[in-house]
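Okay, structure first, notes after.
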Amino acid sequence: MIPYVREIDIDYGRCDEVSPLIRRVTANNPGPFTFMGTGTYIIGRGEVAVIDPGPDIPEHLEAIKAAVAGETVSHILVTHHHLDHSPLARPLSQITGARVWGRAVKAPVVEDEVKLEAGYDHFTPDIPLEGGEVIEGAGWTFEAVHTPGHTSNHICYALRQENALFSGDHIMGWSTTVVTPPDGNMGDYMRSLEKVRERGFSTIWPTHGPPIRDVEPFIDAYAAHRRDREHQILERLRAGDTRIKIMVPTIYAAVDARLYPAAAHSVLAHVIELVQAGQVAADGAGAPGLDSDYHLAS
């Protein structure tokens, strides 16, 4: 079982000091994918960095401005291009003059007929990151850590002074992370989890929800959960379920049905990996998809 961390004191628009270097302002956009809302982080004092400015909500922009009043925003860091993370980066940049850092999307993302999560932002950074770059400010130092899987362009930010990682949606304490092909990739996601685990961070600060303090056991449970999902998919195939949309209500019986479309995409991400590993075969021509028929490979 994943040792979820869900207790958090939220007052929308309030600036909370959560560590000597870190403050957080939470946007009023709660939902099935955002938990209590998007947590925008402010790092440093006097000259600060802002991580994931968040959704296009005017009140949230005003709250960020109030939180940094009298200070200089020198850097705006974005984890990825979803509408609950990146849209306010450009307005905040225009107000403060700070440049926007993040990883560009290599190929256009075509959305499914079902809107997943918050949807995709047309995000373009001023300073494109690949991973491994060092970003420095007054009293703080970040390393960009490329963690593809949730999205192809997902970047986490490691804060050296506190041995902490700002994990965006790569690792969240309140829930598992949705992986939606083709922009998301389950193989990449599992490799990224191991990359983070090997770093030995003391604290993980997700964009949604409270921090994760007991990091290594949490990541181990996160990875084990994904392996269990693979086993469940193989069990459903043995039971005669040949389509993903038939499997989902059984595999995700304890989950809010509003999440079934996103869950189907996560199952597809697993199935693609199982097909590539030769454990599962797709009937017919073309790439594996939500409406493909599947069977266990002989």
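The values are calculated or read from the model by the stated rules, or taken from the named source; none is laboratory data. From a predicted model like this one, the values you see are computed outputs, not experimental measurements. Virtual Cβ from ideal backbone geometry, glycine too; neighbours counted across all protein chains shown. Surface accessibility is based on the protein's heavy atoms, side chains included, excluding ligands, DNA and RNA. Shrake-Rupley method; radii C 1.70, N 1.55, O 1.52, S 1.80 Å.
Among the residues of segment 125-152, those that are of a type in the set (Ser, Thr, Tyr) and in contact with a strand residue (DSSP E or B) (Cβ under 8 Å, 6 or more places away or on another chain) comprise THR141, THR147, THR151. Across segment 143-159, the qualifying residues are those that are surrounded by 24 or more Cβ atoms within 10 Å (Cβ to Cβ) and assigned to a strand (DSSP E or B), and the one among them that is farthest from the chain's Cα centre (by Cα) is LEU159. Just one of the listed residues (VAL267, VAL196) is at pLDDT 95 or above and touching a Cys at 6+ places or on another chain (Cβ under 8 Å), and it is VAL196. Within the bounds of segment 205-214, is there any residue that is closer than 30 Å to GLU162 by Cα and either assigned to a helix (DSSP H, G or I) or open to solvent by 30 Å² or more (accessible area, probe 1.4 Å) (or both)? The answer is yes, given that some residue of segment 205-214 is closer than 30 Å to GLU162 by Cα and either assigned to a helix (DSSP H, G or I) or open to solvent by 30 Å² or more (accessible area, probe 1.4 Å) (or both).
For segment 76-91, check the following and say yes or no: at least one residue is more than 21 Å from the chain's Cα centre (by Cα), surrounded by fewer than 23 Cβ atoms within 10 Å (Cβ to Cβ) and modelled with pLDDT of 95 or more. Spell out how you get there, then give the answer.
Here is the first cut: in segment 76-91, the residues more than 21 Å from the chain's Cα centre (by Cα) are 91.
Subset that is surrounded by fewer than 23 Cβ atoms within 10 Å (Cβ to Cβ): 91.
Those left that are additionally modelled with pLDDT of 95 or more: 91.
Scanning segment 76-91, I find at least one residue that is more than 21 Å from the chain's Cα centre (by Cα), surrounded by fewer than 23 Cβ atoms within 10 Å (Cβ to Cβ) and modelled with pLDDT of 95 or more, so the answer is yes.
Answer yes if at least one residue in segment 262-275 is at positive phi and either in a loop (DSSP other than H, G, I, E, B) or surrounded by 17 or more Cβ atoms within 10 Å (Cβ to Cβ) (or both), and no otherwise.
As a first pass, look at segment 262-275 and keep what is at positive phi: none.
No: zero hits.
Taking strands (runs of 3 or more DSSP E) as the structural unit, those lying wholly within segment 1-50 and holding at least 1 residues that are surrounded by 22 or more Cβ atoms within 10 Å (Cβ to Cβ) correspond to 22-26, 39-43. In segment 4-17, the residues that are at positive phi reach residues that are in a loop (DSSP other than H, G, I, E, B) and open to solvent by 80 Å² or more (accessible area, probe 1.4 Å) with C-beta atoms within less than 8 angstrom, at least six apart or across chains, in these pairs: GLY13/ASN28.
Among the β-branched types (Val, Ile, Thr), surrounded by 14 or more Cβ atoms within 10 Å (Cβ to Cβ) and farther than 30 Å from ASP16 by Cα: does that describe ILE219?
Here the answer is no, as ILE219 does not meet what is asked.
I'd like to know if segment 120-134 contains one or more residues that are open to solvent by less than 10 Å² (accessible area, probe 1.4 Å), at pLDDT below 95, out of contact with any Phe, Trp or Tyr (no Cβ under 8 Å at 6 or more places or on another chain) and of a type outside the set (Lys, Arg). The answer is no, given that none of the residues of segment 120-134 is open to solvent by less than 10 Å² (accessible area, probe 1.4 Å), at pLDDT below 95, out of contact with any Phe, Trp or Tyr (no Cβ under 8 Å at 6 or more places or on another chain) and of a type outside the set (Lys, Arg).
Applying the condition of being at pLDDT below 95 and outside any loop (DSSP other than H, G, I, E, B) to segment 246-261 and asking which residue is most open to solvent (accessible area, probe 1.4 Å) yields ARG258.
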